[in-house]
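K.L.:
Before we start, here is the structure in question, set down as structure tokens.
Derivation of every value follows stated rules applied to the coordinates shown; laboratory data play no part. The structure displayed is predicted, hence computed values, not measured ones. As a convention, Cβ positions derive from the backbone with ideal geometry for all residues, glycine included, and neighbour counts pool all protein chains shown.
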Amino acid sequence: MIRKLMLFMTMMIIVSACSSGSGTPYRIVYSMDTQQTTSEAVPDSSLQDQRYSVAIIPKGTEIDYFTVAAEGAQEAANDLDIDVMFEGPKTADVSGQIEVIDSMIQRHVDLIAVSANDPEALIPVLEKARQAGIKVISWDADADPQVRDFYVNMVDPETLGRHLMDTLANAMGEKGNFAILTGAISASNLSDWLKWIQVQHKAYYPEMNLVKVVATDDNLTKAGEVAKQLLAEHPELNGIIGNSSVGFLSAANAVKDAGKAGAVKVVGLSNPNFTRSYLNEGTVQMATLWSPKKLGYLTVVLANNLLNGVRPADGQDIPKVGKIRVVGDMVIMGEPLDFSKENVNQYDF
Amino acid sequence: MIFKRRTSFQFRHFRLSSKLIITYLLLTVVPLSLLGYISYAQYARSVEAQIGEYMPKILHQANEDIDKQIDELMRLPDLLFNSEQALSILRKETYAKRSEFNKDQYDMNSYLSRTYIRGNNANVIGVFILSNQRMFYSSKQQFKQADWQNTLSGYSEKPYSIGKAQFILPSEVDLQFDAEVPYLFIQKQIYDVDNRKVLGDMLIAVDLSFIDKIFHNFESSNRANLWLMSDAGEIIYHSDRSLIGTMDTEKDNYPLRSGSFRANHAGGAKLMSINTASISGWTLVHSIPLSELMQRTNLVRNVTILLFIAISVITSLIAVWISWSMTRPLKRLSGLMKTVEMGNFQVDLKVPHRDEIGMLARSFNSMVSTIRDLIQKNYQVELRQKEAELYALQSQINPHFLYNTLETIGMAVEEGETEAVVDMVTLLGRMFRFSVSNQSKWVTIAQEVQHAEDYLTIQKFRFEDRLAFRIDKKMTDSHFLQLFTPKFILQPVVENAIKHGLDVRRKMEVCLSVSEEFDARTGEPCIVFRVSDNGPGISSEKLFQLEEALKKDSFAPKSANFGLSNVNARIGMMLGNDYGIQLHSIEGIGTEVLIRIPLNERSD
């Protein structure tokens with residue numbers, strides 16, 4: 001009796017011990033899986049169902065620099081599959097910018113990226129945009145830091161300013177008179193560069209003399225006039241720095257027209273496509289810039305990231321752009337590029 | 001219920017040895033085997049759990065190492081953008097002269113060699129750039145295939161994710177290096193970020209042996225497998241190299257992405273540990289047969305089994321021995337009981353133990369010996385009684401006594417003493433009646449004294465003046481008439497006294513007294529018969545010999561003292577050794593024989 005009971009119990013134990021092994025092919029022993037699985041990504045993708053619309057506002061749509069930048073922005077729009085509106089005043093005009101931004105607010109875009117002609121003047125309208133729930137960033141030329149999330153800068157202003165001064169000093173043999181043709185005085189990026197040109201000048205080049213700083217307001221007609229006037233008024237001039245692409249090109253034209261090619265050295269900011277002929281004929285010695293396409297592209301990518309809740313980070317590797325630097329709330333795209341007679345053919349913008 | 005009762009009934013009737021052995025087996029073998037099985041299973045499970053918990057962590061670590069390496073490798077293409085010269089060569093589209101192209105190719109190849117092949121990362125086997133119908137490359141090893149350039153060009157047509165490096169896994173590559181090292185390609189589009197143009201493709205062949213180094217950290221046996229596979233289940237690296245490039249078809253069925261599980265396949269159960277890297281999405285799998293894991297526990301298991309067997313054997317032997325040592329004496333006991341039953345009391349059950357069995361044996365022995373002694377004693381008593389009776393009878397119908405008495409009667413007849421003749425015949429008849437009448441061993445004191453008196457009276461007729469006798473009764477009549485005494489104890493003593501006395505003396509006197517006295521030895525009252533004479537007495541040496549003979553209780557049937565020792569022995573047997581005959585004698589003065597018996601109210 002007892003023996004049979006014991007046998008039965010033993011059998012039961014053995015059977016129960018064996019049965020766990022045969023049912024399913026896998027039996028979990030230990031799991032390290034956490035809730036990190038796909039479940040949390042779902043709401044994000046559903047949000048993305050509606051396409052983001054991003055407004056990129058340049059200083060002026062007719063400025064070549066910005067038309068090139070627009071190409072990059074469009075490329076990014078295609079890559080990221082979002083809507084990008086590249087609209088602005090024809091020329092660098094702050095009131096025109098305000099109008100365009102207003103209309104963008106009406107159209108309920110998700111984000112406005114502005115290259116500010118006048119940071120002060122844009123404060124109210126950008127404030128208004130933010131209150132409408134639109135994110136605001138600045139690119140190319142900074143807006144007031146109070147009314148934007150971050151600023152997509154092309155280069156470090158100090159690096160660029162000092163480099164422009166060095167380039168001119170190299171061309172002039174570190175002595176002589178020079179002038180600066182800048183864009184609008186109100187544009188913050190230009191004034192930053194201007195500041196650093198002067199810092200570098202004072203620090204290293206005592207035999208060089210800054211004759212005048214002339215504003216062109218990035219208006220081609222006005223620029224041509226002031227450049228001519230500058231050459232006429234200052235025959236002793238040995239060099240000109242074009243602190244904006246408009247200033248650079250008008251200076252080159254004026255020098256060429258005055259037959260002073262080579263005598264008056266011209267350096268400054270300009271894209272290779274417009275500079276190529278001047279470089280080849282020797283009118284200008286060196287053009288410095290970055291890729292405006294790349295800037296447009298980067299601006300759109302960062303705008304898209306921000307809409308997805310990702311702020312730019314220092315050292316972040318942006319596909320098709322490279323690593324970016326972030327200093328405070330300023331993004332720095334990279335280092336300036338120098339275009340000379342030798343390498344200008346490599347570039348296509 | 002019927003079943004239960006029947007089985008319990010059966011068990012109850014098992015042999016004791018079977019019961020003991022079954023009980024021992026149940027108490028030792030069953031719990032021992034259960035304990036052994038459970039502890040082994042538990043141990044095995046804990047080993048499995050331990051490895052199962054430990055392995056994914058190691059894999060996680062290894063995966064992080066691999067991730068780190070992969071991340072480093074993924075950055076390799078970016079080095080290209082550090083060189084303006086390299087970029088300017090790549091940006092060129094047309095060449096005016098062949099020598100220009102050759103120079104560019106030379107410059108580019110040496111740049112690649114400087115930067116990649118002799119660079120920091122030792123895992124790079126070769127680097128290949130396809131740009132604008134041109135091929136720049138630098139490689140540590142040559143491809144086996146002759147048309148490798150065309151094959152490589154084919155890979156550049158693959159679709160890309162934007163601006164990201166990606167892998168071309170071994171399965172997608174038809175090219176092999178001379179050394180047949182496992183490798184994969186990292187492919188990246190060369191994108192001119194300034195001009196926003198695709199400049200070409202870069203393919204970096206990476207030796208996967210670095211995974212080997214990471215794998216080496218695993219203290220694994222040869223039967224364990226370790227492999228790395230892509231998200232799709234393609235095996236990128238396997239400890240069995242022949243499997244590199246194949247698919248793990250089971251991957252989607254694995255129950256988790258990170259952890260351990262037991263897989264029951266046809267080839268035996270395996271413990272599989274798995275970890276999926278967060279960056280590359282690659283999955284690292286470690287698979288080891290459970291039997292391999294258990295190999296370390298096999299020693300424990302074998303020792304357990306051996307111990308189990310040894311203990312089982314020992315306990316079984318002990319069980320058998322104990323049951324045997326218990327039942328063997330019992331069997332012998334029952335055998336001996338049968339012998340005793342047959343009437344043989346000369347048995348001895350020898351059990352050296354002091355346990356219950358030994359006690360039983362000793363009890364049995366003492367019982368048998370007691371029975372034997374009792375039989376012996378009763379037999380002896382009966383025998384002596386019969387002897388005494390026979391003796392008494394003999395002495396009663398003693399031819400001498402009868403002859404002498406009849407002669408005395410004859411003489412009396414001649415002398416005409418009719419009264420004396422009548423008296424003697426009456427006495428003789430009464431004596432015979434006393435002897436034959438009662439079958440009992442017991443008679444009242446009065447009867448016994450009467451018989452002695454009859455005898456003395458007859459002798460008085462014969463010896464006339466030579467013999468004088470006196471009988472004193474110093475006790476109450478009721479006791480005298482009611483108390484019992486063994487039959488025929490006085491006559492032999494009296495006869496003895498007369499015989500010895502008249503042999504030597506001319507005249508003698510015999511005195512018989514019956515008294516009730518206090519016995520100092522037993523502390524109780526007793527009856528004392530005193531037969532005293534004034535015969536020759538007994539010398540002290542003879543007296544000592546007589547006393548010794550009485551004490552020894554020996555029978556010397558034909559000796560002169562047979563009468564005394566017979567009486568003494570009978571009293572001892574019937575009433576105990578506290579009672580019996582005492583002799584007092586002084587040579588030349590006389591002898592006194594004391595017969596002491598207890599107060600007997602019953603004649604049984």
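K.L.:
If you count, for every residue in B:264-270, the Cβ atoms of partner chains within 10 Å of its Cβ, what is the mean?
P.N.:
2
K.L.:
Which distance in nm do the two modelled labels at residue A:103 and residue B:379 give, with both placed 7 Å along the Cα-to-Cβ direction?
P.N.:
Placing both labels 7 Å beyond Cα along the Cβ direction yields 15.1 nm.
K.L.:
Please give the calculated 222 nm ellipticity per residue for chain A, where each DSSP H segment of at least 4 residues contributes -39500 (n - 2.57) and the sum is spread over every residue; nearest 500 deg cm²/dmol?
P.N.:
-14500 deg cm²/dmol, from helical runs alone.
K.L.:
Okay, next question. Under a no-solvent Debye model with one identical scatterer per Cα of region B:201-301, what's log10 I(q)/I(0) at q = 0.15 Å⁻¹?
P.N.:
-0.66
K.L.:
Further, regarding this structure: Quick one: if you take sqrt(5λ) for each eigenvalue of the C-alpha gyration tensor of region A:157-289, what semi-axes come out, biggest first, whole angstrom?
P.N.:
For region A:157-289, the semi-axes come out at 19, 17, 14 Å.
K.L.:
Where does the protein assembly as shown land on Rg/Rh, using Cα atoms and the Kirkwood Rh?
P.N.:
Reported Rg/Rh, Kirkwood definition of Rh: 1.66.
K.L.:
Here is a further query. At residue B:247 and residue B:367, where each label point lies 7 Å from the Cα along Cα→Cβ, what is the point-to-point distance in nanometres?
P.N.:
Each label point is offset 7 Å from its Cα along the Cβ direction, giving 9.1 nm.
K.L.:
Sticking with this one: Taking the alpha-carbon set of region A:201-257, what are its Rg and Dmax in Å?
P.N.:
Spelled out, the Cα radius of gyration and Dmax of region A:201-257 are 11.6, 35 Å.
K.L.:
Another question about this same structure. Return the equivalent ellipsoid semi-axes of region B:114-224 as a descending list in whole Å, where each equals the square root of 5 times an eigenvalue of the C-alpha gyration tensor.
P.N.:
Semi-axis lengths for region B:114-224 are 28, 16, 14 Å.
K.L.:
Provide the per-residue ³J(HN,Hα) series for region B:515-524, in order, calculated from phi with Karplus coefficients 6.51, -1.76, 1.60 and θ = phi - 60°, each as a whole number of Hz, with x at glycine and proline positions.
P.N.:
Per residue, the Karplus-derived 3J(HN,Hα) values read 9, 9, 10, 8, 8, 5, 6, 9, x, 10 Hz.
K.L.:
So what is the 222 nm mean residue ellipticity for chain B from helices alone, if each DSSP H run of at least 4 adds -39500 (n - 2.57) and you divide by all residues, rounding to the nearest 500 deg cm²/dmol?
P.N.:
-17500 deg cm²/dmol
K.L.:
Could you work out the percent of alpha carbon pairs in chain B separated by over 40 Å, rounded to a whole number?
P.N.:
65
K.L.:
Something else: Pull up the DSSP beta bridges for the protein assembly as shown and report the antiparallel fraction as a percent, rounded to 5.
P.N.:
If we restrict to bridges inside the protein assembly as shown, about 65 percent are antiparallel.
K.L.:
Hey, what does the equivalent ellipsoid look like for region A:210-349, semi-axes from the Cα gyration tensor as sqrt of 5 times each eigenvalue, largest first, whole Å?
P.N.:
35, 16, 12
K.L.:
Taking the Cα centroid of region A:264-324 and of region B:283-341, what is the distance between the two, rounded to the nearest whole Å?
P.N.:
Going from one Cα centre to the other spans 89 Å.
K.L.:
Related question: Please list, by residue number, every one of the GluC sites (Glu not before Pro) in region A:211-262 that is coil in DSSP and has at most 13 other beta-carbon atoms within 10 Å.
P.N.:
Loop-located and lightly packed - A:236.
K.L.:
Using the Cα atoms as the points, what is the convex hull volume per residue of chain A in Å³?
P.N.:
Value for chain A: 202 Å³ per residue.
K.L.:
Let me ask another. Using a 10 Å cut-off on Cβ to Cβ distances, tally the other chain neighbours for every residue of B:191-200 and report the average as a whole number.
P.N.:
The mean count of partner-chain Cβ atoms within 10 Å per residue comes to 6.
K.L.:
Near residue B:350, which lysines are there with a Cα under 29 Å away, not counting those fewer than 8 places off in the same chain?
P.N.:
Once the sequence-local lysines are set aside, what remains near residue B:350 is B:19, B:331, B:338, B:377.
K.L.:
At most 12 other Cβ atoms within 10 Å and a DSSP loop assignment: could you name the chymotrypsin sites (Phe, Trp or Tyr not before Pro) in region B:9-91 that fit?
P.N.:
The qualifying sites are B:14.
K.L.:
Still on this structure, please answer the following. Considering the alpha-carbon set of region B:174-217 alone, what are its Rg and its Dmax in angstrom?
P.N.:
Cα-based Rg and Dmax for region B:174-217 come out at 15.3, 47 Å.
K.L.:
Can you spot the lysines whose alpha carbon is less than 23 Å from residue A:260's alpha carbon? Ignore those fewer than 8 places along the same chain.
P.N.:
A:175, A:212, A:222, A:228, A:341
K.L.:
Fewest first, what order do B:89, B:129 take by the number of other Cβ atoms within 10 Å?
P.N.:
The order, fewest Cβ neighbours first, is B:89, B:129.
K.L.:
In region B:276-379, which chymotrypsin sites (Phe, Trp or Tyr not before Pro) fall in coil by DSSP and have 16 or fewer other Cβ atoms within 10 Å?
P.N.:
Of the chymotrypsin sites (Phe, Trp or Tyr not before Pro), the ones in loops of region B:276-379 whose Cβ has at most 16 other Cβ atoms within 10 Å are B:345.
K.L.:
log10 I(q)/I(0), Debye, Cα-only region B:438-598, no solvent, q = 0.11, 0.19, 0.21 Å⁻¹?
P.N.:
Log-scaled intensity ratios, in q order: -0.42, -1.31, -1.54.
K.L.:
Going by C-beta contacts inside 10 Å, put B:212, B:207 in order with the fewest on the left.
P.N.:
B:212, B:207
K.L.:
Count the lysine pairs in region B:438-598 whose Cα atoms lie under 16 Å apart, taking only pairs 8 or more positions apart in sequence or on different chains.
P.N.:
Taking the Cα cut-off of 16 Å, the pair count is 7.
K.L.:
Follow-up. Among the listed pairs A:294/B:68; A:293/B:68; A:293/A:323, give every one whose C-alpha distance is greater than 26 Å.
P.N.:
Pairs exceeding the cut-off: A:294/B:68; A:293/B:68.
K.L.:
Here's a follow-up. Taking the Kirkwood radius as the inverse of the mean 1/r across Cα pairs, report the Rg/Rh of region B:373-526.
P.N.:
1.01
K.L.:
Counting only other chains, and only Cβ atoms inside 10 Å, what mean value do you get across the residues of B:250-256?
P.N.:
3
K.L.:
At 20 °C and 1.002 mPa s, grab the translational diffusion coefficient of region B:53-293 from Stokes-Einstein with a Kirkwood Rh over Cα pairs, rounded to a whole number in µm² per second.
P.N.:
D = 110 µm²/s.
K.L.:
Fewest Cβ neighbours within 10 Å first, please rank B:382, A:71 accordingly.
P.N.:
By the 10 Å Cβ count, ascending: B:382, A:71.
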